[in-house]
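One structure is given below, represented as structure tokens, and several questions about it will come after.
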Amino acid sequence: MQEFSRRRQQLINHMQAGIAIIPTAPEVTRNRDSHYPYRFDSYFYYLTGFKEPEAVLVLMAGPQPKSILFCRDKDLDREIWDGFRYGPEAAKTVFGFDEAYSITQLDTELPKLMANQPALHFSLGADNAWDSKVTAWLNAVKAQTRSGMQAPAQLLDVRQALDAMRLLKSSEEMDVMRRSAQIAATAHNRAMQHTRPGQWEYEVEAEFLHTFYRHGAQAPAYTSIVAGGANACTLHYNFNNAQLKDGDLLLIDAGCELDGYASDITRTFPVNGRFSGPQKDLYELVLAAQAAALGKVNTQQHWNAPHEAALEVLVDGFIHYGLCQGSRDAVLETGSYRQFYMHRTGHWLGLDVHDAGEYKTADGAWVMLQPGHVLTVEPGCYVRPADNVPPHFWNIGIRIEDDVLVTEHGHEVLTAAAVKTVADIEALMAQR
């Protein structure tokens, strides 16, 4: 709880004055009266550690700073049906808030709290329903102008400060992300050991879910991609319902969520346990591109340096194998490489798979890497059948992705336990 309290105080210090309103995510109906498994809003959780729905955090900055939680009432009858809930009194004590109220008091209390505040910090535009609520509260304050009440004159996006905070992971966050990465790496290794020709993609996905839950993860971090053969050339393929064929590669992009924090790993391996010649050529090209990118993950480099390094290696390989024509400079200038590599080499990682945080500064320069940044490094190569493509490369899709923590002296690959060299993959799969 000290970690969450520290973050609230950090945001209050940044605000200097005014009021911040940060709601959690709503429950979402799956069908009829069934709901999707509940997942809290990442910004709200980052500041509270509170996992229940129907909750709002209010922070007051200025001469008398304080944190206020609005949450569901304690209700023993509802707990029989839906499970435990803290209620305002217990939530205040357990989670360290200065005040706590019933969520039913929100419409009554918010106009009072907003009155005479110089600024309102809120994520305007993130949710239409909440925009309407906040507008109604502002109007309620403005209606009391003759009584001497003033509405906030400034409306500031609270996400800007929170994104900067979330970008640099604390030691506590690093520890959780290491554990999440270890669970996901174990799952990828298990998948390699259990994959055989004739299985279905969803059978392999089941091995991941088994490993995630068995080791304490609460959920997959995102919908898993289990893509055999040509399916791997569809970047966001997630039907996971095709049969795996002897001689095909299997691309798996899957990670777990542990205490709110995501891991994100992609591995590609042969269904039958042995790479063919063309598969090995392109696989080792992607692996070399990833190694080049990892070499640029340090505090002397900016965000885009790993992508630039990976792209040069890939383009050289595309030219060597006849996928692209011309010099490296010409291929980069024309963008012809995008036929085979159409995404960037990474993204921030944390509470969200594509985590909060800017990639460029206000003046348009790439962000310099700092200790505490966590990013993915994930070059790939996707070869669809085409007249300008040698047939022996058709339907080969490869991506290799690791989670990487920037440190004072370089970087730490959090997902290193997931095997990825040709020799290690074939050796592991030979143990089936």
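The values are calculated or read from the model by the stated rules, or taken from the named source; none is laboratory data. Treat the numbers as computed from the prediction; the structure is a model and nothing was measured. Neighbour counts are summed over all protein chains in view; Cβ atoms, including those assigned to glycine, are modelled from backbone coordinates with ideal geometry. Keep in mind that these areas ignore ligands, DNA and RNA; they rest on the heavy atoms of the full protein, side chains included. Shrake-Rupley method; radii C 1.70, N 1.55, O 1.52, S 1.80 Å.
Out of everything in the range 140-155 that is part of a helix (DSSP H, G or I) and touching a helix residue (DSSP H, G or I) at 6+ places or on another chain (Cβ under 9 Å), what residue ends up being nearest to Ala115 (Cα to Cα)?
Val141
Out of the residues in the range 273-287 that are open to solvent by 20 Å² or more (accessible area, probe 1.4 Å) and not in a loop (DSSP other than H, G, I, E, B), state the one that is nearest to Pro379 (Cα to Cα).
Leu287
Which ones in the range 178-202 are open to solvent by 70 Å² or more (accessible area, probe 1.4 Å), within 18 Å of Gly229 (Cα to Cα) and in a helix (DSSP H, G or I)?
Across the range 178-202, the qualifying residue is only Tyr202.
Another question about this same structure. Given the conditions (1) modelled with pLDDT of 95 or more; (2) out of contact with any Lys or Arg (no Cβ under 9 Å at 6 or more places or on another chain); (3) in a loop (DSSP other than H, G, I, E, B), and given that Lys420 satisfies all but one, which numbered condition is not satisfied?
Result: Lys420 passes all but (2).
Something else now. Out of Glu52, Glu3, Glu27, I need the residue that is touching a helix residue (DSSP H, G or I) at 6+ places or on another chain (Cβ under 7 Å) and acidic (Asp, Glu). Which one?
Glu3
If you don't mind, another one. From Leu106, Leu59, grab the single residue that is within 30 Å of the chain's Cα centre (by Cα), touching a residue at least 12 places away in the same chain (Cβ under 8 Å) and outside any loop (DSSP other than H, G, I, E, B).
Leu59
Might you check whether a residue that is over 26 Å from Tyr46 (Cβ atoms) and either under 28 Å from the mean Cα position of the chain (by Cα) or in a helix (DSSP H, G or I) (or both) occurs anywhere in the range 89-96?
For the range 89-96, residues over 26 Å from Tyr46 (Cβ atoms) and either under 28 Å from the mean Cα position of the chain (by Cα) or in a helix (DSSP H, G or I) (or both): absent.
So which strands (runs of 3 or more DSSP E) are wholly in the range 320-413 and hold at least 3 residues that are buried (at least 23 other Cβ atoms within 10 Å of the Cβ)?
Where strands (runs of 3 or more DSSP E) fall fully within the range 320-413 and carry at least 3 residues being buried (at least 23 other Cβ atoms within 10 Å of the Cβ), they are 374-377, 380-383, 396-399, 402-407.
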